[in-house]
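Notes for the one structure printed next.
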Amino acid sequence: MYDILITGGTVVDGTGADAYTADIGIKDGRIAAIGQLAGAEAARTINAAGKTITPGFIDMHSHADVTVLLYPQMESMLRQGITTFVGCQCGQSVAPIGRWWLHNQALLDHFMELSPKLFADPYDDDYYVLSSVMRKLMDDRYGVDHAWPTFGAWLDAVDAHGLSGNMVTLIGYSTLRVNAVLNERGEPDDARVPTEAEKARLKAGLREAMEAGAFGMSVGLDYKPGIFSKTPELMEMAAEMAPYDGIYFAHWRKTGLRAGTPKKQKKIDGIIETLEVGLQNSIQVQISHLSTGYDIFPTDDDYMQTAAARRTLQVIDEYVAKGVRANFDVIPNITGGTMIAPWLVGMLLPWIYRAGGLTNFLQYLRYPDYRNDISRVINSGGFFRLNPLVQPDWDENTDIIESVHEDWVGKTVAQLAKQRGKNSLETLYDLMLEDPSAKVFRATHSMNRHAVQEYYNHPLATVGNDTFVFDTVSTVGFDAERPGNRPNPNTYCGFVKFIKEYGMPRLEDSIYKTTGRAAEILHLSDRGLLKEGYRADVLLIDMDELATNESVIDPRVYPTGITHVLVNGTPVIDAGQHTGALPGGVIRRQTR
């Protein structure tokens, strides 16, 4: 007798093969049979007539490891069909917990509370706090004591705690480096090359994580301390992956240090560096959240975006032809991942924090000398989000989408500035005063839809949301006096957005990219396909009802159409409702 029998659905099995109609019998957490099973006995039967049955989606780039023990039911993932995520990306893993804790966007409010800096930039300041202080805050607020001195201790704690979905882990190199490369006071000493003794500690940390079950190492080369790791250091550390056949996941160099006016990064060089790491060490590499390797100005030129994407892919293909085992993931939007800031006033959030809140900030903004001080910082490159050297067309990519002034809606800051005969910064200040509640949409991904589609069309592409896991509450507060970040809409609907807006002409090929292809990259031998003997991570999708319900103003909205989600054979989303079950946990690297 089966535990669950799913009958009469259209099976898209994750291989890319044509869909077919069949029943699926599930027993002891695995797929026991696929075929015509009418009349078979089962403890429960689910009628899938009119629905599409697929494997659970695999999110190839996630930061959910930071918040997964705070939101173990993983609703924002499961409701969009993600049953497995690859966490610990961009050089940051939540473990091991050393003396110093790295800044991340999910805990932005908490870092602001703890920051020793009066004028800390809540967007771009990559600072650290003592782990002992952050641990107490996390225990007080969420009841989770981050007491994991080793990577393995964290994995064991996750399994003991329980999750509704599955987690693949990497060891974050920045997490190790910030606690290994120190000055005489025991503080992070980012900018220097590690000593041989420090390298030995770093390598020992890498080996411990790999032996505990990590699938590889991630680096974040646009953030401290990763940005200070030169190529020889990365080569030497990546070589530690080879005995384990581990994968090097790279947030490659593309923006450079996000402060001041450093020499502009040649983005394609960051992609080439990652490919060279794979070539010289004979290891597999994953290019994280691939975007265009060439700067385009103006950015919204469809022909140039497509041409730049094709040339970027050509560079990758050239290395693959040399024997490099390379793959990449792409974010299914043009706003980037992690967070989104819908308020117009939120574009100057550091100054709102410094003023003690929005009310004070708006009062100060009436004074010309205050405006001049802000403009001086921005024009000198001191604020990355509006750095004119990095984003010279920021005003053209900032669209008003909601305002009490109806004539603003649908216009960019640049267009409104032209109408008013003022420069864009002065116009920005005026708009904030005239309607502090105005909302904006900003394309911050340096790509348009044409480029994103070009990348997804490539056979090496997979999907990664680049978000945290939440429910309809998040760790970032919704304080009207500090109108800043919200979870990016991808947090709730990114994979549905991929299928609906960026998917392949055949649904079977879209499902392959989100399931079987991702499993191949991770060398998972029993997930990613609907196949007898495989783990029963299964989705039932009503394609007629499938919708993102995406909101770029208040993103905390679940998609519709994914009616049932099974993880390891246990229903976690049942007729659209979370069951509370925690059948998931850590997937540890398989020996191969």
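The values are calculated or read from the model by the stated rules, or taken from the named source; none is laboratory data. Here the structure is a predicted model, which means the values were calculated and not measured. Heads up, the Cβs are rebuilt from the backbone with ideal geometry, glycines too, and the neighbour counts pull from every protein chain shown. The accessibility values were calculated without ligands, DNA or RNA, using every heavy atom of the protein model including side chains. Shrake-Rupley method; radii C 1.70, N 1.55, O 1.52, S 1.80 Å.
Computed quantities for the displayed model
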{"item": "Residue match in segment 200-217 (condition: on the phi < 0 side of the Ramachandran plot, open to solvent by 10 Å² or more (accessible area, probe 1.4 Å) and of a type in the set (Asp, Glu))", "result": "yes"}
{"item": "Considering residues of segment 356-372 that are free of Cβ contacts under 8 Å to residues at least 60 places away in the same chain, open to solvent by less than 80 Å² (accessible area, probe 1.4 Å) and in contact with a Phe, Trp or Tyr (Cβ under 9 Å, 6 or more places away or on another chain) only, the residue nearest to Asn423 (Cα to Cα)", "result": "Arg371"}
{"item": "Number of the condition not met by Phe495 [criteria: (1) of a type in the set (Phe, Trp, Tyr); (2) touching a Lys or Arg at 6+ places or on another chain (Cβ under 9 Å); (3) at pLDDT 95 or above]", "result": "(2)"}
{"item": "Scan of segment 575-588 for residues that are over 21 Å from the mean Cα position of the chain (by Cα) and open to solvent by 40 Å² or more (accessible area, probe 1.4 Å), ordered by number", "result": "Ala575, Gln577, Thr579, Leu582"}
{"item": "Set Val178, Val219: member being touching a His at 6+ places or on another chain (Cβ under 7 Å), under 19 Å from Asp65 (Cβ atoms) and at pLDDT 95 or above", "result": "Val219"}
{"item": "Members of segment 552-568 that are out of contact with any helix residue (DSSP H, G or I) (no Cβ under 8 Å at 6 or more places or on another chain) and either open to solvent by 10 Å² or more (accessible area, probe 1.4 Å) or free of Cβ contacts under 8 Å to residues at least 24 places away in the same chain (or both)", "result": "Val552, Ile553, Asp554, Thr560, Thr563, His564, Asn568"}
{"item": "Residues that are of a type in the set (A, V, I, L, M) and either open to solvent by 20 Å² or more (accessible area, probe 1.4 Å) or closer than 22 Å to Leu389 by Cα (or both), drawn from segment 318-328", "result": "Val320, Ala321"}
{"item": "Verdict on Ala191 being open to solvent by 10 Å² or more (accessible area, probe 1.4 Å), farther than 16 Å from Pro96 by Cα, among the small types (Gly, Ala, Ser) and not in a helix (DSSP H, G or I)", "result": "yes"}
{"item": "Flag for Val390 being in a loop (DSSP other than H, G, I, E, B), buried (at least 19 other Cβ atoms within 10 Å of the Cβ) and aliphatic (A, V, I, L, M)", "result": "yes"}
{"item": "Single unsatisfied condition, Tyr455 versus (1) closer than 30 Å to Glu113 by Cβ; (2) open to solvent by less than 10 Å² (accessible area, probe 1.4 Å); (3) modelled with pLDDT of 95 or more", "result": "(1)"}
{"item": "Residue among Thr299, Thr255 that is closer than 22 Å to Phe228 by Cα and open to solvent by less than 60 Å² (accessible area, probe 1.4 Å)", "result": "Thr255"}
{"item": "Long-range neighbours under 6 Å by Cβ, at least six apart or interchain, first residue under 16 Å from Thr462 (Cβ atoms) within segment 278-289, second open to solvent by 10 Å² or more (accessible area, probe 1.4 Å) and part of a strand (DSSP E or B)", "result": "Gln286/Asn327"}
{"item": "Test: residue in segment 308-317 that is part of a helix (DSSP H, G or I), surrounded by 19 or more Cβ atoms within 10 Å (Cβ to Cβ) and in contact with an Asp or Glu (Cβ under 6 Å, 6 or more places away or on another chain)", "result": "yes"}
{"item": "Evaluation of Ile58 against (1) within 21 Å of Ala581 (Cβ to Cβ); (2) surrounded by fewer than 17 Cβ atoms within 10 Å (Cβ to Cβ); (3) in contact with a helix residue (DSSP H, G or I) (Cβ under 9 Å, 6 or more places away or on another chain) (one fails), failing number", "result": "(2)"}
{"item": "Hey, Asp18 open to solvent by 40 Å² or more (accessible area, probe 1.4 Å), at pLDDT 95 or above and touching a helix residue (DSSP H, G or I) at 6+ places or on another chain (Cβ under 7 Å) or not", "result": "yes"}
{"item": "Pair list, Cβ under 6 Å, 6 or more apart: segment 507-520 residue farther than 10 Å from Met60 by Cα and without any contact (Cβ under 8 Å) to a residue 40 or more places away in the chain, other residue open to solvent by 10 Å² or more (accessible area, probe 1.4 Å) and in a helix (DSSP H, G or I)", "result": "Ser510/Ile499"}
{"item": "Residue count, segment 390-431 (criterion: under 18 Å from Arg376 (Cβ atoms) and in contact (Cβ under 8 Å) with a residue 60 or more places away in the chain)", "result": "4"}
{"item": "Qualifying residue in segment 329-341 (condition: more than 30 Å from Thr67 (Cα to Cα), of a type in the set (Val, Ile, Thr), in contact (Cβ under 8 Å) with a residue 12 or more places away in the chain and crowded, with 19+ Cβ neighbours inside 10 Å)", "result": "no"}
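Residues checked against (1) under 29 Å from Thr274 (Cα atoms); (2) assigned to a strand (DSSP E or B):
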position: Ile6; (1), (2): no, yes
position: Ile24; (1), (2): no, yes
position: Tyr71; (1), (2): no, no
position: Phe85; (1), (2): yes, yes
position: Gly91; (1), (2): yes, no
